[in-house]
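In what follows, a structure is listed as structure tokens, so that the remarks can point back to it.
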Amino acid sequence: MKPLSLSVALLYALFAAAAAGLNLGTQWAVVQVWPWGLRSLVALAAGTGAGLLLKYILDKKWIFGFRPPGFGDDVRRFLLYTGTGVATTALFWGIELLFLALLPAPWARYAGGAAGLCLGYASKYFLDRSFVFRERAGGERLTAG
């Protein structure tokens with residue numbers, strides 16, 4: 001497998017920033033409007049879901065150059081992509097919740113979320129390259145990026 005190129009790394013970082021922004025923005029919006037209990041967990045879940053979907057769409061096309069041959073394959077890849085995100089999401093959530101526990105200030109949620117997202121996205125690239133987008137549509141082995 002080729003090493004990660006600078007252009008792919010920069011594009012991946014840009015997409016990660018966009019997904020992180022959507023994630024944190026969604027969390028902020030949920031916290032503003034959710035009047036019931038479990039506000040932090042609902043905000044975490046909503047933000048994670050929004051960021052995950054955006055990142056999959058961007059990564060599939062622009063990072064891994066993958067075009068699924070059909071809807072079923074796209075769903076299967078999204079499920080694999082989601083699966084690789086389970087551990088990285090646990091890392092992200094753990095860091096965000098640790099910041100909230102240690103620093104009882106409104107900004108702690110977002111600082112912890114940003115730190116967790118950075119670490120999570122870095123490890124997720126290599127998991128996705130190895131397990132989700134190993135090959136392009138048609139069976140061609142993925143070697144770029």
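The values are calculated or read from the model by the stated rules, or taken from the named source; none is laboratory data. These numbers were taken from a predicted model, which means no experiment stands behind them. Note that each Cβ is placed from the backbone with ideal geometry, even for glycine, and that neighbours are counted across all protein chains shown.
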Selection from the range 1-28 of residues that are free of Cβ contacts under 8 Å to residues at least 24 places away in the same chain and crowded, with 18+ Cβ neighbours inside 10 Å:
none
With respect to the numbered conditions (1) touching a Leu at 6+ places or on another chain (Cβ under 6 Å); (2) surrounded by 19 or more Cβ atoms within 10 Å (Cβ to Cβ), which one is the sole condition not fulfilled by Tyr110?
(2)
Going by what's in this entry, would Phe64 be described as in contact with a Phe, Trp or Tyr (Cβ under 8 Å, 6 or more places away or on another chain) and closer than 23 Å to Leu24 by Cβ?
no
From the residues in the range 1-28 that are within 18 Å of the chain's Cα centre (by Cα) and not hydrophobic (A, V, I, L, M, F, W, C), which one is farthest from Leu98 (Cα to Cα)?
Tyr12
Mind checking which residues of the range 117-132 are within 20 Å of Gly49 (Cα to Cα), surrounded by fewer than 21 Cβ atoms within 10 Å (Cβ to Cβ) and either of a type in the set (Ser, Thr, Tyr) or touching a residue at least 12 places away in the same chain (Cβ under 8 Å) (or both)?
Cys118, Leu119, Ser123, Leu127
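Of all residues being among the aromatic types (Phe, Trp, Tyr) and either modelled with pLDDT under 90 or outside any helix (DSSP H, G or I) (or both) in the range 69-101, which is nearest to the chain's Cα centre (by Cα)? Just the residue, please. So that I can check it myself, show each step before the final result.
Start the filter on the range 69-101 by keeping residues that are among the aromatic types (Phe, Trp, Tyr), which leaves 71, 78, 81, 92-93, 99.
Pick out the ones that are also either modelled with pLDDT under 90 or outside any helix (DSSP H, G or I) (or both) and you get 92-93.
Working: Phe92: 10, Trp93: 12 Å.
So the residue we want is Phe92.
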Would you point out the residue of the range 29-62, among those that are of a type in the set (S, T, N, Q) and more than 17 Å from the chain's Cα centre (by Cα), that is surrounded by the fewest Cβ atoms within 10 Å (Cβ to Cβ)?
Gln32
